[in-house]
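Asks: One structure coming up, written as structure tokens, with questions to follow.
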Amino acid sequence: MSDVSLETGRRKQPAEKRRSNLYFVWRGVLGDPVARIAVGIILIFFLAAVFAPWIAPWPPNEADPSMRLRPPGTPGHWLGVDNQGRDILSRLIYGARYTLLCGITPVVLGAVISVPLGMFGAWYPVAGAVIMRSMDVLFAFPMALLAILLAALMGPGIGNMMIALVVTLIPYNTRVVYAAACLERDQAYVEAARAMATPGYKIILSEMMPNVIASSVVYSCTIVGAVVITAAGLSFLGLGVQPPTAEWGIMTSEGRNFIFNAPHIAAVPGLAITILVMAFNLLGDSLRDSLDPRTRLMLIKRRK
Amino acid sequence: MKNLIEIRNLSKTFRVRRGSFLRREISENPAVSDISIDIRKGEILGCVGGSGSGKSTLGRMILRLIEADSGSITYAGADLRSFGPAELRLHRRRAQIVFQDPLQSLNPRRTVAENVARPLLNFGMRAEEVQARVDEVLQLVGLDPGQAYRYPHEFSGGQCQRIAIARALTLEPEFLFLDEPVSALDVSIQAQILTLLRDLQVKLGLTFLFVSHDLKIVRQFCDRTMVMYRGKLLETGESDQVYRQPLHPFTQDFLGTVLHLKRDNRWEAAAERAEDLESAAPAMSGPCCPYVSNCQQRMPECARAMPALRTLHDQRSVACLLYPATA
Ligand SMILES: Nc1ncnc2c1ncn2[C@@H]1O[C@H](COP(=O)(O)OP(=O)(O)OP(=O)(O)O)[C@@H](O)[C@H]1O
Ligand code: SF4
Ligand SMILES: [Mg+2]
């Protein structure tokens, strides 16, 4: 805990008064060099996805059979060429669209459903028991298996795959939210809120929510990696994104037959997935610190 | 002095349940049993007792944060336990609470100003008035309103407790339940906060129920003292008298450990005993004196019935068979 004495505080410019909570989160993240790199990586991938048609040197599915299996470093194909003669860099850039879409959308949707579910469950014990026991049922299946089962039941397609992923994610995220909300519920500030006649819904939404959502955001960041990999796996099984669409998971699986004579076909998209997953994990770690007002202050101070 | 709060035969038993759907009942924990006491308008009533003796539960029932099982609480002539939502809302304006851990009792993700303004917004005050009132109460507790945009953890424990007191005072209550307000603070800070509370009490004409483990503080700070043990009220009286001449054997042991009244070797023994006075000997089943398993002056009849709280001379009451009622 740090102590700002009233004397030192007075010297600060009043401009600091208007700064919002988010501003401090932002400064906390940027104050952390590791997080800065992570944000940079994610940003690059995002920009690549958005501006793919402009920056990709070739169309993603244009094949030049004469160039098949060329290694990275080939002029004009800096990351090499795959087994059908398609430029890997271009496919990587286009693939970022699907990979980010399949990795992030289910996590966001999962959180949007889990946060109210977990908080509601923590506040109303009976509802909580029902909700958490149903989550336990979903938990009984391993994540990948449940996703495969649901995707297979609903049929192939990117939409169905994302629905399957959302359903798979909900029990994990709900449990995290529920645990965090139960901790917050027993804090003295919640009892204080009751003592000053704050209505129940306001306690949940305006007192507990900011504290609970932080843990869900952190968890969501770390789960993006698992989702990207599961989505890649579903695509690999033919349940998600369909070939020849460029998607990192499909690219990796298509390269498996050439792993010995042309390892770059699988390695390049595999590496891209690894970097993306790592970036989100590091960002999650840093958010954990900067979303918490207690540690955030130390982060900002350390930077001064 | 008029009574602000009259508590009669108040009881609360916590039922700890386990199991999910079947909700089996596992254990019953009588946190407060059959307590009757008056809190007078404008007084500071101290409440002492070991850990788990029901002090917090008692105060929370007065604030209706915990619902009592049986008995009655009369607040300014009205039956508190029958209050509907509208009356309860009004009650929230008159009675407030200050917690032990000041940092925990403030929302860490809200600035000091937002924390202190919350009760005002709940009662529909307009934004510009809220600002003025927040500044006013912060000044009242000796803080610089210019620092109100900061987060609670940027302040020291003593400052946080001032903020918590400010928040409790925003609605201009007449009664404060102070649940160990200084226990988490350094000794030097404790004195400052107690002085502040005393000043506020005089200035605003407040009534306090003050819980503390620290008997020295209760002696200095409180007009009257009540001693609790295992959810029962054992003794009440003017603080000075309770400390100068404790009547109940539990109070004698309890004070002996803390005030070093007994300097002979009995003190050692008492200290050891008091460490787990609350938990050591199992409570005997059936009605009996709650202290019977530790009491050195026990008599056979002590194990037969719970001694009633008897009023003795000069407004002292004690629940012990050693003291037959004089009145
Ligand atoms: N919400 C609850 N659910 C179940 N049992 C409870 C609850 N709150 C308190 N108790 C139990 O009731 C008894 C009295 O608790 P209480 O908090 O009133 O004691 P206390 O005198 O304030 O103790 P301390 O000095 O440790 O704060 C304890 O045995 C405690 O375990
Ligand atoms: S009633 Fe009996 S056992 Fe209880 S404190 Fe008095 S003397 Fe001791
Ligand atoms: Mg307590």
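Asks: Hey, among the residues in segment B:105-121 that are more than 13 Å from A:Met208 (Cα to Cα) and of a type in the set (D, E, K, R), which one's nearest to the other protein chains (Cβ to nearest Cβ)?
Replies: Among them, the one singled out is B:Arg118.
Asks: A follow-up question, please. Collect the residues in segment A:163-190 that are open to solvent by less than 40 Å² (accessible area, probe 1.4 Å) and either among the charged types (D, E, K, R) or closer than 26 Å to B:Arg94 by Cβ (or both), keeping them in residue-number order.
Replies: Those that are open to solvent by less than 40 Å² (accessible area, probe 1.4 Å) and either among the charged types (D, E, K, R) or closer than 26 Å to B:Arg94 by Cβ (or both): A:Glu184, A:Ala188, A:Tyr189, A:Val190.
Asks: Is it the case that segment B:149-158 has a residue that's among the charged types (D, E, K, R) and either within 23 Å of B:His213 (Cα to Cα) or out of contact with any helix residue (DSSP H, G or I) (no Cβ under 8 Å at 6 or more places or on another chain) (or both)?
Replies: The answer is no; no qualifying residue exists.
Asks: Exactly one condition in (1) within 14 Å of B:Leu169 (Cα to Cα); (2) touching a helix residue (DSSP H, G or I) at 6+ places or on another chain (Cβ under 9 Å) is not met by B:Arg94; state its number.
Replies: Going through (1) within 14 Å of B:Leu169 (Cα to Cα); (2) touching a helix residue (DSSP H, G or I) at 6+ places or on another chain (Cβ under 9 Å) one by one, B:Arg94 breaks only (2).
Asks: Across segment B:42-54, what is the number of residues that are near ligand 1 (Cβ under 6 Å from one of its atoms) and either over 18 Å from B:Asp253 (Cβ atoms) or open to solvent by less than 10 Å² (accessible area, probe 1.4 Å) (or both)? Give the steps one after another, and end with the answer.
Replies: First, pick out the residues of segment B:42-54 that are near ligand 1 (Cβ under 6 Å from one of its atoms): B:49, B:51-54.
If we keep only those that are either over 18 Å from B:Asp253 (Cβ atoms) or open to solvent by less than 10 Å² (accessible area, probe 1.4 Å) (or both) as well, we get B:49, B:53-54.
Count: 3.
Asks: Please determine whether any residue of segment B:184-202 is open to solvent by less than 10 Å² (accessible area, probe 1.4 Å) and at pLDDT below 90.
Replies: The first filter runs over segment B:184-202 and keeps only residues open to solvent by less than 10 Å² (accessible area, probe 1.4 Å), leaving B:193, B:197, B:200.
Adding the requirement that they be at pLDDT below 90 leaves none.
Within segment B:184-202, not a single residue is open to solvent by less than 10 Å² (accessible area, probe 1.4 Å) and at pLDDT below 90.
Asks: Also: Considering only strands (runs of 3 or more DSSP E) fully contained in segment B:154-247, which possess at least 3 residues that are more than 14 Å from chain A (Cβ to nearest Cβ) and touching a residue at least 60 places away in the same chain (Cβ under 8 Å)?
Replies: B:207-211, B:224-229, B:232-238
Asks: Can you name every residue in segment B:60-70 that is open to solvent by 30 Å² or more (accessible area, probe 1.4 Å) and in contact with a strand residue (DSSP E or B) (Cβ under 6 Å, 6 or more places away or on another chain)?
Replies: B:Asp69, B:Ser70
Asks: Working only within segment A:28-83, note down all residues that are closer than 28 Å to A:Ala214 by Cβ, open to solvent by less than 50 Å² (accessible area, probe 1.4 Å) and assigned to a helix (DSSP H, G or I).
Replies: A:Gly28, A:Val29, A:Ala35, A:Ala38, A:Val39, A:Gly40, A:Ile41, A:Ile42, A:Phe45, A:Ala49 - these are the residues of segment A:28-83 that are closer than 28 Å to A:Ala214 by Cβ, open to solvent by less than 50 Å² (accessible area, probe 1.4 Å) and assigned to a helix (DSSP H, G or I).
Asks: Suppose we keep only residues that are at pLDDT below 50 and of a type in the set (A, V, I, L, M, F, W, C) within segment A:1-27. Which one would you say is most open to solvent (accessible area, probe 1.4 Å)?
Replies: Of everything passing the filter in segment A:1-27, A:Met1 is most open to solvent (accessible area, probe 1.4 Å).
Okay, residues lined up against (1) of a type outside the set (A, V, I, L, M, F, W, C); (2) within 16 Å of ligand 2 (Cβ to nearest atom); (3) under 30 Å from B:Glu67 (Cα atoms); (4) open to solvent by less than 10 Å² (accessible area, probe 1.4 Å):
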{"position": "B:Gly84", "(1), (2), (3), (4)": "yes, no, yes, no"}
{"position": "B:Glu87", "(1), (2), (3), (4)": "yes, no, yes, no"}
{"position": "B:Arg92", "(1), (2), (3), (4)": "yes, no, yes, no"}
{"position": "B:Thr111", "(1), (2), (3), (4)": "yes, no, no, no"}
{"position": "B:Glu114", "(1), (2), (3), (4)": "yes, no, yes, no"}
{"position": "B:Phe123", "(1), (2), (3), (4)": "no, no, yes, no"}
{"position": "B:Arg133", "(1), (2), (3), (4)": "yes, no, no, no"}
{"position": "B:Leu140", "(1), (2), (3), (4)": "no, no, no, no"}
{"position": "B:Glu154", "(1), (2), (3), (4)": "yes, no, no, no"}
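The values are calculated or read from the model by the stated rules, or taken from the named source; none is laboratory data. In this text, all values refer to a predicted model and were calculated from it rather than measured experimentally. All Cβ positions, even for glycine, are placed from backbone atoms using ideal geometry, and neighbour counts span all protein chains on display. To get the accessible areas, we keep the full protein, side chains included, count just its heavy atoms, and leave off ligands, DNA and RNA. Shrake-Rupley method; radii C 1.70, N 1.55, O 1.52, S 1.80 Å.
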